[in-house]
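Peer 1: This is the structure I have questions about; it appears just below.
The values are calculated or read from the model by the stated rules, or taken from the named source; none is laboratory data. The shown structure was predicted, so the numbers you read here are calculated from the model rather than taken from an experiment. Every residue, glycine among them, receives a Cβ derived from its backbone with ideal geometry; neighbour counts consider all protein chains shown.
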Amino acid sequence: MDDDIPRGSSRARRLKHTYNITESTWDQILADQGHQCALCGTDSPGSKGWMVDHDHTCCRGIRSCGACIRGILCGHCNSGLGHFRDSPDRLRKAIDYMDRGTNTVPAAFPAAAHARTPQVSRPPRDLRADITNYLASSPAAGVRDVARAVGCAPSTASEHVRFARAIEPAAIPNWRGGEKTPYKGLRRTTSGTTSPECSMMPG
């Protein structure tokens, strides 16, 4: 019931028809509660105004005989009781459920176990060291072999530059002139020197 409805015959009829109480009884109930929700204690009724709560085991639906009125609630509390079907047993189970906390899901559920596993951040990868170590054991490896071995096939210009600068051309003797590579402009000339137009190699 909206307490903001103008006082008068219309409001009086609605209270009498729906809850079998008078305006004076309504005012007295709310005053006895300190003009607060009988459940949560808020003084803000919510967008729908104060609501009369009654025992639905006595009177089903929205109408009440008047004798089973329990109090006046804010909109949130009144809706909450309705969602729990006015069942004390359901409400007790809800309280027990919330009191158990968040660490109650069995570890057998992979998603739950994963969520509780601390995430250890990986150290930044040293691409230069990876390439150097691989070339030390396979000095004759071509650039494609190097890329596959270190698990890096750069697809962006910045990674091309980073990858190219990490390679020592002299350490890849079978990097033939004219060989197509995933690194545009990065090739070795037949004389064994780096092609002058290769702007990605370190100066």
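Peer 1: How many of the residues making up segment 28-56 are in a helix (DSSP H, G or I), surrounded by 13 or more Cβ atoms within 10 Å (Cβ to Cβ) and among the charged types (D, E, K, R)? Before the answer, list the steps.
Peer 2: Quick first cut of segment 28-56, residues in a helix (DSSP H, G or I) only: 28-32.
If we keep only those that are surrounded by 13 or more Cβ atoms within 10 Å (Cβ to Cβ) too, we end up with 29-30.
This time we only want the ones that are among the charged types (D, E, K, R), so: none.
Within segment 28-56, residues that are in a helix (DSSP H, G or I), surrounded by 13 or more Cβ atoms within 10 Å (Cβ to Cβ) and among the charged types (D, E, K, R) number 0.
Peer 1: For segment 39-57, which positions are out of contact with any Asp or Glu (no Cβ under 7 Å at 6 or more places or on another chain) and more than 16 Å from I21 (Cα to Cα)?
Peer 2: Just the residues of segment 39-57 that are out of contact with any Asp or Glu (no Cβ under 7 Å at 6 or more places or on another chain), to begin with: 39-44, 46-47, 51-55, 57.
Across segment 39-57, the qualifying residues are L39, C40, G41, T42, D43, S44, G46, S47, T57.
Peer 1: Quick one: which helices (runs of 4 or more DSSP H) sit completely within segment 61-147 and have at least 1 residues that are on the phi < 0 side of the Ramachandran plot and modelled with pLDDT under 70?
Peer 2: Details: elements: 75-83, 88-99, 110-116, 127-137.
Where helices (runs of 4 or more DSSP H) fall fully within segment 61-147 and carry at least 1 residues being on the phi < 0 side of the Ramachandran plot and modelled with pLDDT under 70, they are 110-116, 127-137.
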